[in-house]
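Notes follow the structure.
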Amino acid sequence: MRLIALIKKEFLAIKNDKRNLFLVFGAPLIQLLIFAFSINLEVKNIDLAIFNQSQNSQSYEILRKFEGSSYIKNIIMVKSYKEGAKLIDMKKAIALVTIPSDFSKSKNNIQIILDGRRSNSSQMVEGYIEEILQNPTNSNIKLRNLYNPNLNHFWWILPSIFGSITLVTSVVLTAMSVARERELGTFDQILVSPLTPFEIMLGKLLPALMISIFISSIILFIMFFIFKVPLVGSIWLLYLGVVIFLFSVCGVGLFISSIANTQQQAILYSFVFLVPSFLLSGFATPVENMPSWLEPASDFVALKYYIVFIRSVFLKDISFLASLEYLIPMFIIGIISFFIAMIFFKKAI
């Protein structure tokens, strides 16, 4: 009964704090809509400069291939190498393709000049250009993409965004719980109550966990019915992973809350934790691309396991046994972070 009373009090405290209420419920939905359309690692609408020195049928066939590409927006024909380089310098083109005069004799000496200031985009553009040049129009090659046949952008980016948004919401929500009590002057009232430190921490954890699950459900509803992201796997396995992940990161939020004296400090400390979590999780860049000395640090980031788990459930229909590879590390991180938070909470009182 004492724990239930504390949980009710925590829900009322969150409800009565209008600013934090918007931060908890409004911000995740806004982030979902903005990130879904703005985070796109594909390179489209390419401005391409072409210096055609050959002027024969083979070179015009190459031009028709470029014009038929869905990735290329503008093709700018230039009359000299210098003119093409100037377009790259002015960022009016990301690449210059030079077709030599002896193109009909040797088809492998086409020169591609790329804008090195935009290195990631340039590498992708290089891949597009090489694919166009190497695949003949009468090719019998048939391509098939597993798990995402049409390479739909929303199918792979939204599960990652889902994990990132729930991470931010749950960490910030729990990080402000004890700090809010300190600011309002009600922290001492909780300490003199018959509640044990474990009950206090559990009373702070459960409301944040339930609210985060509710917000996750709203985001999932938007993904299913607005963005049409398919769920190939089990909905029950998905929610099991959601609960375990939220438990793991809520423990981190409680640790932050136990060492923060004000809500402002709690938010600041939260972002100290959130930024490395995003960078080490593989959200934007693969973990395998990290230096060998940094890659082991990602093993302590719950978001890393969660992103792989979410994508696998959505697109791959992963089994429960296979999912344990991701669920067990998240659960262990949650247990460790919760007890560390309780240790620091005892020291704070």
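The values are calculated or read from the model by the stated rules, or taken from the named source; none is laboratory data. None of the values given here were measured: they were computed from a predicted structure. Cβ atoms come from the backbone with ideal geometry, glycine included; neighbour counts cover every protein chain shown.
Data overview
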quantity: Complete set of residues in segment 285-316 that are in contact with a Leu (Cβ under 9 Å, 6 or more places away or on another chain) and outside any helix (DSSP H, G or I); calculated: 285, 290, 294, 301, 316
quantity: Among the residues listed as 206, 191, the single one being within 16 Å of residue 2 (Cα to Cα) and surrounded by fewer than 16 Cβ atoms within 10 Å (Cβ to Cβ); calculated: 191
quantity: Exclusive hit being in a helix (DSSP H, G or I) and touching a residue at least 12 places away in the same chain (Cβ under 8 Å), set 282, 251; calculated: 251
quantity: Residue within segment 118-139 that is modelled with pLDDT of 70 or more, of a type outside the set (S, T, N, Q), farther than 15 Å from residue 46 by Cβ and exposed (fewer than 12 other Cβ atoms within 10 Å of the Cβ) present; calculated: no
quantity: Single residue of segment 324-336 satisfying the filter (more than 22 Å from the chain's Cα centre (by Cα) and over 9 Å from residue 247 (Cβ atoms)) that is surrounded by the most Cβ atoms within 10 Å (Cβ to Cβ); calculated: 336
quantity: Filtered residues of segment 222-243 (kept if more than 17 Å from the chain's Cα centre (by Cα) and at pLDDT below 90); calculated: 224, 225, 226, 228, 230, 231, 232, 233
quantity: Tabulated pairs, segment 141-164, first assigned to a helix (DSSP H, G or I), second among the charged types (D, E, K, R) and at pLDDT 70 or above, C-beta under 6 angstrom, 6+ apart or interchain; calculated: 159/311
quantity: Subset tally (residues that are more than 27 Å from residue 321 (Cα to Cα) and in a helix (DSSP H, G or I)) for segment 216-245; calculated: 3
quantity: Failed criterion for residue 316 (all others in (1) buried (at least 17 other Cβ atoms within 10 Å of the Cβ); (2) over 17 Å from the mean Cα position of the chain (by Cα); (3) of a type in the set (Lys, Arg) hold); calculated: (1)
quantity: Residue match in segment 170-192 (condition: at positive phi, touching a residue at least 12 places away in the same chain (Cβ under 8 Å) and either part of a helix (DSSP H, G or I) or of a type in the set (D, E, K, R) (or both)); calculated: no
quantity: Criterion: within 16 Å of residue 257 (Cβ to Cβ) and out of contact with any strand residue (DSSP E or B) (no Cβ under 6 Å at 6 or more places or on another chain) - qualifying residue of 220, 202, 158; calculated: 202
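Rundown of residues vs (1) at pLDDT 75 or above; (2) more than 18 Å from residue 132 (Cα to Cα); (3) outside the structural domain of residue 153 (by TED's automatic domain parsing), yes/no style:
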| position | (1), (2), (3) |
| --- | --- |
| 32 | no, yes, no |
| 52 | yes, no, yes |
| 58 | yes, no, yes |
| 73 | yes, no, yes |
| 76 | yes, no, yes |
| 80 | yes, yes, yes |
| 89 | yes, yes, yes |
